[in-house]
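The values are calculated or read from the model by the stated rules, or taken from the named source; none is laboratory data. Everything quoted here is computed from the prediction, not taken from an experiment. Cβ coordinates were reconstructed from backbone atoms using ideal geometry, including for glycine residues, and neighbour counts include every protein chain displayed.
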Amino acid sequence: MSSHKGKVAIITGASRGIGLRTAEALIDGGASVCVTGRDEAALERAVHHLGEDNAIAVAGRADDPAHQDETVQRVLNAFGRVDMLVNNTAVSPVFGPVLDLEERVIEKILRVNLVAPVQWTRKVHRAWMADNGGSIVNIGSVAALRAAPGAGFYGVSKAALLRLTQELAVELAPKVRVNIVLPAVVRTKMSEAMYQNREDEVAADYPLRRLGEPADVASAVSYLLSAEASWITGASLVIDGGLTVGGIV
């Protein structure tokens, strides 16, 4: 179990799925967390599940600067510090070829999946990490590494997030570490359309013969945020059941 005793984290998009499971993992390691998301009722349920002594929630859009400012300030008011950031929120609102996407959709994907992580990182860095250090993990996708027909521009945004992670790892060192995890299909609501009613068929392409679970990603994120990973920065950790290495005859 990675130790996060006395540390404080902000996790975006954490009312369910990977974000919520990551919050659980960090709390299990002794941290306090702030979970964010658009659905206030879902966030209230998340805090009740996590424990009101361990968690607070701030509702809002991940790409809204006012929401970002409010979240950072409320975390500082509640806990006095912000040691960890998980940029988890992402969107892939339309399935189809890249050239068929409307520009407003392209702009939304970039704004949420790429620009927002820059904004969150800037704000926690200025508020705490520049002087006190910290650790950041971005949630990417294996779509950053290979073509993803139907979700191609989502993959483009995640490829850019991978490069952003590497740049920030250099710029923010030595006090702040920045890493990224690259999951394949994980059984969450966001990715449900990719496997619904055909999970066995989809999983057959994975050497480990199953799709990912939120806990598979959360445990890796918890490790990368922890002191046990203190000599790891700028790294990309693929979590994909062997999908990208093949192995299927």
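Structure values in brief
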item	result
Tally of residues being surrounded by 18 or more Cβ atoms within 10 Å (Cβ to Cβ), in contact with a Lys or Arg (Cβ under 9 Å, 6 or more places away or on another chain) and of a type in the set (A, V, I, L, M) across the range 222-242	3
Any hit, the range 57-79, residues being under 14 Å from the mean Cα position of the chain (by Cα) and among the β-branched types (V, I, T)	no
Within the range 20-45, considering residues that are part of a loop (DSSP other than H, G, I, E, B) and not acidic (D, E), the one nearest to the chain's Cα centre (by Cα)	R38
Subset of the range 158-183 (residues that are under 22 Å from K108 (Cα atoms) and among the small types (G, A, S))	A159, A160
Complete set of residues in the range 126-142 that are under 16 Å from the mean Cα position of the chain (by Cα) and surrounded by fewer than 23 Cβ atoms within 10 Å (Cβ to Cβ)	V142
Extreme residue, farthest from the chain's Cα centre (by Cα), among residues of the range 1-19 that are surrounded by fewer than 22 Cβ atoms within 10 Å (Cβ to Cβ) and polar (S, T, N, Q)	S3
Pair list, Cβ < 7 Å and 6+ apart or interchain, from the range 183-209 residues that are over 21 Å from V245 (Cβ atoms) and among the hydrophobic types (A, V, I, L, M, F, W, C) to residues that are assigned to a helix (DSSP H, G or I) and modelled with pLDDT of 75 or more	M190/G17
Subset of the range 46-61 (residues that are in contact with a Ser or Thr (Cβ under 9 Å, 6 or more places away or on another chain) and either closer than 19 Å to V72 by Cβ or assigned to a helix (DSSP H, G or I) (or both))	A46, N54, A55, I56, A57, V58, A59, G60, R61
Residue within the range 146-158 that is among the aliphatic types (A, V, I, L, M) and in contact with a strand residue (DSSP E or B) (Cβ under 9 Å, 6 or more places away or on another chain) present	no
Residues within the range 39-71 that are among the hydrophobic types (A, V, I, L, M, F, W, C) and closer than 22 Å to V91 by Cα, tallied	9
The one condition in (1) within 20 Å of T121 (Cα to Cα); (2) surrounded by fewer than 18 Cβ atoms within 10 Å (Cβ to Cβ) that D83 fails to fulfil	(2)
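Per-residue answers, yes or no, for (1) at pLDDT below 95; (2) among the aliphatic types (A, V, I, L, M); (3) touching a His at 6+ places or on another chain (Cβ under 7 Å); (4) under 23 Å from V176 (Cβ atoms):
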position: D39; (1), (2), (3), (4): no, no, no, no
position: A62; (1), (2), (3), (4): no, yes, no, yes
position: V86; (1), (2), (3), (4): no, yes, no, yes
position: G96; (1), (2), (3), (4): yes, no, no, no
position: L101; (1), (2), (3), (4): no, yes, no, no
position: Q119; (1), (2), (3), (4): no, no, no, yes
